[in-house]
Amino acid sequence: MEFEGWWLLAIPIIFGMGWVAARFDLRTLLSESRSLPSSYFRGLNFLLNEQPDKAIDAFIEVAKLAPETIELHFALGSLFRRRGETERAIRLHQNLLSREDLLPNDQAHALFELGHDFLKAGLLDRAEEAFSRLHIGNFSKAAQQSVLTIYQMEKEWQKAIDVAQQLTKQDFSISYRKEIAQFHCELAQEARQRKDMSTVAHELATALQVNPTNIRAILQQGDFLLSMGDAEGALRTLSHIEQQNPIYLGLAAKRMIQAYEALGRISEGIAVLRAALFRHPSDDLLEILYEKTKVLYGEAAALALIRESMQLVPSEKGMMKLLESHSLESTGGEFQSDLQLMSQLVCQRTKLLPRYVCSYCGFRARLFYWQCPSCNFWETYTPRRSSITASF
Ligand SMILES: [Zn+2]
């Protein structure tokens, strides 16, 4: 009985304490809201009424009347930048940076935002300079990542390698292996253009050392060996692709055919690639084999190859080739015009199909890219036709 009595006394005390706490919070809130300019509430009201332009004007007024609202300045700055008003964003962040009462962390934040304003405005030198001033502190890692983006935009591959290596040293949880290997491939490509073959060999070896699964380096090494007259070596290198990642066989096939031709073993080459096609069906490989078989063994053998591969995996390209051939063979009349119509429609549809789709941002392209032109991520394209269907 004594125990229950304690509870009866405790309940009103707890309620009383809660009431006092609520009143205290309410008073704090009211006093804080009284200190905010009325334009702040006007801005909120415009936002709620879906009038963003009027809301921005009201918030700009708040930022002028109450300079201590730092977060509001940052919010406005990034809003201007997103709307493409980079000059306005730059002015706002430069004004913030010129203030002497700014705390060190807010100063670093303003500099980081200014760097992004310059980046958005295409002023890469000024963006790099702003990010480079952020050596230490909360924004240093993000600033270095932005510098890495700038070097890639400027195609400064060696500088990009240095920054990526620094970032890896700072944070072992993030790997830049894939990117660093790609940067070495870019350097190899540039060296090849200026015919500096020893640098090509060195860069490709480094790329494969950094990332042994980098298919681009293997393909480039195949090209390099072919250009040096080492077809046997090129074939040995390129034949690794089937074991490593067979979806890239289509990209290797042309080079392999070239090597077999240089060695005078083209029939063997066609037989090897034909067997690979049936193990790993691919439109690109089928197309290359069709053309080569037609030249070597004639149209009938090439069409037989298509029929055989279509039984395994249906392909629009294969169907187009068959229809084209039958419409040419046909003796005329309605049947021939029907075949020609079907052939034209399938041909149109095949042309409309986007060939490659970025797995990160969904950007569609008819060309294969190692770096997506839209999101700038590396190796996001699969060298395989997408299953997206085009509408007539
Ligand atoms: Zn992308």
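The values are calculated or read from the model by the stated rules, or taken from the named source; none is laboratory data. Remember, predicted model here, so these are calculated numbers, not experimental data. Cβ placement follows ideal geometry from the backbone for every residue including glycine, while neighbour counts extend to all protein chains displayed. Ligands, DNA and RNA are excluded from the accessible area calculation, which covers all protein heavy atoms including side chains. Shrake-Rupley method; radii C 1.70, N 1.55, O 1.52, S 1.80 Å.
Extending 7 Å from Cα along the Cβ direction at Leu263 and again at Met228 yields two label points whose distance is 1.7 nm. Note that the range 85-97 has calculated 3J(HN,Hα) couplings of 8, 5, 4, 5, 5, 4, 4, 4, 6, 5, 4, 4, 5 Hz, one per residue in order, obtained from phi through the Karplus relation 6.51 cos²θ - 1.76 cosθ + 1.60 (θ = phi - 60°); glycine and proline are x. With all protein chains in place and ligands, DNA and RNA left out, the 1.4 Å accessible area ranks Ser175, Ser325, Ser359 as Ser359, Ser175, Ser325, largest first.
Which entries in the list Lys54/Lys120; Lys155/Lys254; Lys195/Lys292; Lys254/Lys294; Lys178/Lys317; Lys155/Lys178 go over 21 Å, if you measure between the two C-alpha atoms of each?
Lys54/Lys120; Lys155/Lys254; Lys195/Lys292; Lys178/Lys317
When nucleic acids and ligands are ignored and a 1.4 Å probe is applied, Met310 ends up with an accessible area of around 50 Å².
Evaluated on the range 264-334, the Kirkwood hydrodynamic radius is 12.7 Å, with distances taken between all distinct Cα atoms. Proximity of backbone amide H atoms, modeled 1.01 Å from N, is registered between Thr380 and Cys372 at under 5 Å, excluding neighbours fewer than 5 places apart on the same chain. For the range 106-149, the relative contact order comes to 36 percent (Cα pairs under 8 Å, sequence separation of at least 6). The GluC sites (Glu not before Pro) found in the range 60-141 that occupy coil by DSSP, while having at most 13 further C-beta atoms within 10 Å, are Glu68, Glu100. When the GluC sites (Glu not before Pro) in the range 176-231 are filtered for DSSP coil states and for at most 15 other beta-carbon atoms within 10 Å of their beta-carbon, no site remains. Stretching Glu299 away from Arg99 to a fully extended chain increases their span by 64.2 nm, per 0.36 nm per residue minus the current alpha-carbon distance. In nm, give the distance between the simple-model label positions of Arg279 and Ile174, each being 7 Å from the Cα along the Cα-to-Cβ direction. Those two pseudo-labels are separated by 3.9 nm. Accessible area ranking (1.4 Å probe, heavy atoms, ligands and nucleic acids excluded), largest first, for Tyr356, Tyr369: Tyr369, Tyr356. Under a 5 Å amide H cut-off, with hydrogens placed 1.01 Å from N, Leu102 pairs with nothing among residues at least 5 apart or on other chains. A simple rule links phi to the HN-Hα coupling: the Karplus curve 6.51 cos²θ - 1.76 cosθ + 1.60 with θ = phi - 60°, which for the range 157-170 gives 5, 5, 5, 4, 4, 4, 5, 4, 5, 4, 4, 5, 5, 6 Hz, with x for Gly and Pro.
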